Amino acid sequence: MTILSLKNLSLTLNGKKILDNINIDFWEKHVHAVVGPNGAGKSTLAYTIMGLEGYRKVEGDIFFEGKSIKNLSVTERAKKGITLGWQEPARYEGLTVEKFILSSAKKMSLDEVKDSLIKVGLDPDEYTKRALDKTLSGGERKKIELASILAMRPKFVMLDEPDSGIDVASLEKIFEGIKLLREQGSTVVLITHSIAVMKKAEHAFLICGGKVVEKGRISKLLPYFENKCLPCDHKNIPD
Amino acid sequence: MEVDDLLKLIRGDLFLQDKKTAHLTINLNKVLSKNLVPGLHVDTKENKDGVDVKIKVDDNIRIKNKVHLCFGITKEKAIQKINMDVDVGKNAKISILSHCIFPKAVNIKHIMDAKIKIDEGSIYTYEEKHIHSMDGNIEVYPKAFVEVGKKSRFKTEFELIKGRVGKLDIDYEITGEKNSVIEMTSKVSGKSDDIIKIKEVGNLVGENAKGVLKSRIAVRDNASAEVYNTIVATAPYARGHVDCKEIIQDNGVARAIPIVEVKHPKAHVTHEAAIGSVDTKQLETLMARGLNEEEAVEVIIEGLLS
């Protein structure tokens, strides 16, 4: 069953078409991967689904649980259960990890906050009261962001380059987090150009030049990672 | 609201009863209570508009618990002038938490004039936390002249994030000797037509002296803020940094003027200043978790000023 559907979705920024007539159905409670070269439009697709500032004036439509969300704000989309994990998570001077996670799930107890940190491999005693600022590495912030997403229990979550800045040992925790999201009932979209990350998905979409050029089972898209990119009119337009 | 209520606001009921914790409580120009610990001397003289306070810490005395100073005004209209004279002896340590509480302020002026001398090898920490009413007719003038001796540390944090600021005019000048450390932080949240002015000068005159002046300001509505932070380094290996961050919303106006002056080729001073609205990625991350824009801004500002 489709939970989120993109219908003839196009986005033009500064006179350039970044997303070009995209049609994708994301299946409920499945893990999907969106792959493609740098500048293909993968992150732009996630920002557009989330409705971030500058990514709202689209052609076509976005349907979530059968209803158009095209005109909804970021908050309204989030309240419906859509969320996004950034490739490089934001830093917040003074804001504690605990407060940040509680912002995602207001009714959460402190024990549940700690539990979400344990799930991503972070020691709550070390991290709960720390500020989410420059004293944390990109990988630590990435795991804290994933903890906050787990706490939110979203219906539909997009993770932009979930392995970015993550060391090999921590990558397993990120993968466990993705598995937990699925077990919680979330539909997961992994934006990636990593074969290891793509293999955690059940279906994949190959985007190139803002267009979906291939879709299907993971095995079908594996040749892309063997430098056998499928023939397309490749216009590498930076996001 | 009377004095008892005022003390409850800051959990003063806890420290007032602890004989091992020194405190001094002043309402307008009256000393209400005082408790001292060995090695700490506090003399007071009541005046028409306030109180003269002399604080002396003996040599080699390291006071374990924070010393609480409570300067309150429970009247709606008044002027309170506190003249502070602080003398911290050699190899001593004192940490002061000063509560300035004006919960009923309609027309209040609070003037603090401090002279602080920290002798060699000592640590002096001073936190000043204000709680104001939501009425804006309050004026606060904290002024201090500080001498930080060799191998000594002076750390201060000024916080005014509850209630209206009214008019705030901070004027601090600190001089650091050889191997001394100066750390000053100001956190202020202005709203309505509040006026914030912060002037801090750090003079690093001794070899290897270090200084950081840090300001975190949020202004909204028609509030305005001006931050003048200066570090002057005149000795070899002196290191200084000026760091100012101001968030503005609505019609708020913020200005930051960091001045760094280096008068020795082996000294080094840096500065950074950022003024603007809330960072978009910070905002959108929280909004993508379901907070509306106003709630997200509150969380970000609360963090910045925490």
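Can you list the residues, at least 5 places off or on another chain, whose amide H is less than 5 Å from the amide H of A:Ile18, using H built in the peptide plane?
A:Leu11, A:Thr12, A:Leu13
Taking the inverse of the average 1/r across all pairs of different Cα atoms in the range B:165-280, what Kirkwood radius in Å do you get?
Final number for the Kirkwood radius of the range B:165-280 is 14.4 Å.
In the range B:1-160, if the dipole is taken from +1 on Lys/Arg beta carbons and -1 on Asp/Glu beta carbons about the Cα centre, which of B:Val37, B:Thr21, B:Ser152 is farthest to the positive end?
Checking the options against the dipole of the range B:1-160, the answer is B:Ser152.
Karplus couplings for the range B:291-303 from phi (6.51 cos²θ - 1.76 cosθ + 1.60, θ = phi - 60°), rounded to Hz, Gly and Pro as x?
For the range B:291-303, the Karplus-derived couplings read 7, 7, 4, 5, 5, 5, 4, 4, 4, 5, 5, 4, x Hz, x marking Gly and Pro.
Considering just Cα atoms, how many Å³ per residue does the convex hull of the protein assembly as shown enclose?
Convex hull of Cα atoms, per residue: 173 Å³.
Just how far, in whole angstrom, is the range B:36-107 from the range A:79-131 if you go by their alpha carbon centroids?
40
Simple spin-label model, 7 Å along Cα-to-Cβ: A:Lys220 to A:Val168 in nm?
Spacing of the two 7 Å Cα→Cβ label points: 3.3 nm.
To the nearest 500 deg cm²/dmol, what mean residue ellipticity at 222 nm is calculated for chain B from DSSP H runs of n ≥ 4 alone, each contributing -39,500 (n - 2.57), summed and divided by the residues?
Helix contribution divided over all residues of chain B: -3000 deg cm²/dmol.
Give me the percent of accessible area attributable to carbon and sulfur for the range B:1-160, probe 1.4 angstrom.
47
If Lys and Arg each add +1 and Asp and Glu each add -1, what is the summed charge of the other residues whose beta carbon sits under 14 Å from the beta carbon of A:Ser68?
+2
Convex hull over the alpha-carbon atoms of chain B: what's its volume per residue in Å³?
124
Which pairs break 29 Å Cα to Cα here: A:Lys173/A:Lys220; A:Lys142/B:Lys93; B:Lys20/B:Lys214; B:Lys117/B:Lys197; A:Lys79/A:Lys220?
From A:Lys173/A:Lys220; A:Lys142/B:Lys93; B:Lys20/B:Lys214; B:Lys117/B:Lys197; A:Lys79/A:Lys220, over 29 Å: A:Lys142/B:Lys93; B:Lys20/B:Lys214; A:Lys79/A:Lys220.
Can you give the accessible area of A:Phe205, probe radius 1.4 Å, in Å² rounded to 10?
So the heavy atoms of A:Phe205 present about 10 Å² to solvent.
How compact is the range B:1-160 by the rule of thumb for globular proteins, expressed as Cα Rg over 2.2 N^0.38 Å?
So the Cα radius of gyration is 1.01 times the expected 2.2 N^0.38 Å.
Given Cα pairs under 8 Å that are at least 6 residues apart, what percent is the relative contact order of chain B?
In percent, rounded to a whole number, it is 10.
Total Å² of accessible surface buried at the B-A contact, 1.4 Å probe, nearest 100?
2000
Report, to the nearest whole %, how much of the accessible area of the range B:165-280 belongs to carbon and sulfur atoms, 1.4 Å probe, protein only.
Carbon and sulfur: 47 percent of the exposed surface of the range B:165-280.
In the range B:254-294, which residues become less accessible by 30 Å² or more once every protein chain is in place, relative to the chain on its own, using a 1.4 Å probe?
B:Lys281, B:Gln282, B:Glu284, B:Thr285, B:Leu286, B:Met287, B:Ala288, B:Arg289, B:Gly290, B:Leu291
Check which residues have an amide H placed less than 5 Å from B:Val67's amide H, if you skip close sequence neighbours.
B:Ser95, B:Ile96, B:Leu97
Compare A:Tyr224, B:Tyr124 by solvent-accessible area with a 1.4 Å probe and give them largest first, with all protein chains kept in place.
A:Tyr224, B:Tyr124
Tell me, what ³J(HN,Hα) does each residue in the range A:124-137 have, in order and in whole Hz, if you take phi through Karplus 6.51 cos²θ - 1.76 cosθ + 1.60 with θ = phi - 60° and put x for Gly and Pro?
Coupling constants for the range A:124-137: x, 5, 8, 10, 3, 9, 6, 7, 7, 10, 5, 6, 9, 6 Hz.
Can you list the aspartates and glutamates whose alpha carbon sits under 16 Å from that of B:Lys210, skipping same-chain ones fewer than 8 residues off?
In chain and number order, the partners are B:Glu120, B:Glu147, B:Glu173, B:Glu177, B:Glu183, B:Glu200, B:Asp243, B:Glu261.
Based on the Cα gyration tensor of chain A, what are the three equivalent ellipsoid semi-axes, each the root of five times an eigenvalue, rounded to whole Å and given largest first?
For chain A, the semi-axes come out at 29, 20, 17 Å.
If you put +1 on each Lys and Arg Cβ and -1 on each Asp and Glu Cβ, how big is the dipole of chain A around its Cα centre, in Debye rounded to 20?
Dipole magnitude for chain A comes out near 620 debye.
Among the listed pairs A:Lys7/A:Lys29; A:Lys70/A:Lys134; B:Lys56/B:Lys150, give every one whose C-alpha distance is greater than 24 Å.
The pairs that break the limit, which is 24 Å between Cα atoms, are A:Lys70/A:Lys134.
Set the bar at 27 Å for Cα to Cα. Now go through A:Lys107/A:Lys143; B:Lys109/B:Lys263; A:Lys106/A:Lys155 and name every pair that lies beyond it.
Exceeds cut-off: B:Lys109/B:Lys263.
Per residue of chain A, what 222 nm ellipticity follows from adding -39500 (n - 2.57) for every DSSP H run with n ≥ 4, rounded to the nearest 500?
-8500 deg cm²/dmol
What aspartates and glutamates sit close enough to A:Lys129 to cross-link, taking a C-alpha to C-alpha distance under 13 Å and skipping anything fewer than 8 places away on the same chain?
List returned: A:Glu93, A:Glu98.
Obtain the radius of gyration and the Kirkwood radius of the range A:1-51 from its C-alpha atoms and give Rg over Rh.
Across the range A:1-51, the Cα-based Rg/Rh ratio is 0.98.
Let me have the relative contact order for the range B:1-160, percent, based on Cα pairs under 8 Å that are six or more residues apart.
Computed value for the range B:1-160: 19 percent relative contact order.
Any number yet on Rg/Rh for the range A:103-161, C-alpha, Kirkwood?
Taking Rg over the Kirkwood Rh, I get 0.95.
What whole-number value in Å² describes the accessible area per residue of chain B for a 1.4 Å probe?
So chain B comes to 43 Å² accessible per residue, rounded to a whole number.
Near A:Ser186, within a Cβ-to-Cβ distance under 12 Å, what is the net charge of the other residues, with Lys and Arg +1 and Asp and Glu -1?
Net charge in that neighbourhood comes out at +3.
Working from the alpha-carbon coordinates of the range B:85-225, get Rg over Rh, Rh being the Kirkwood radius.
Rounded to two decimals, Rg over Rh is 1.02.
Count the DSSP beta bridges whose two residues both fall in the protein assembly as shown, then state the antiparallel fraction as a percent rounded to the nearest 5.
Percentage antiparallel, nearest 5: 20.
The values are calculated or read from the model by the stated rules, or taken from the named source; none is laboratory data. Fair warning: this is a prediction, and the values are worked out from it, not measured in the lab. For neighbour counting, all protein chains shown are included, and Cβ atoms are generated from backbone atoms with ideal geometry for every residue, glycine included. Please note that ligands, DNA and RNA were not included when accessible areas were found on the heavy atoms of the full protein model with its side chains. Shrake-Rupley method; radii C 1.70, N 1.55, O 1.52, S 1.80 Å.
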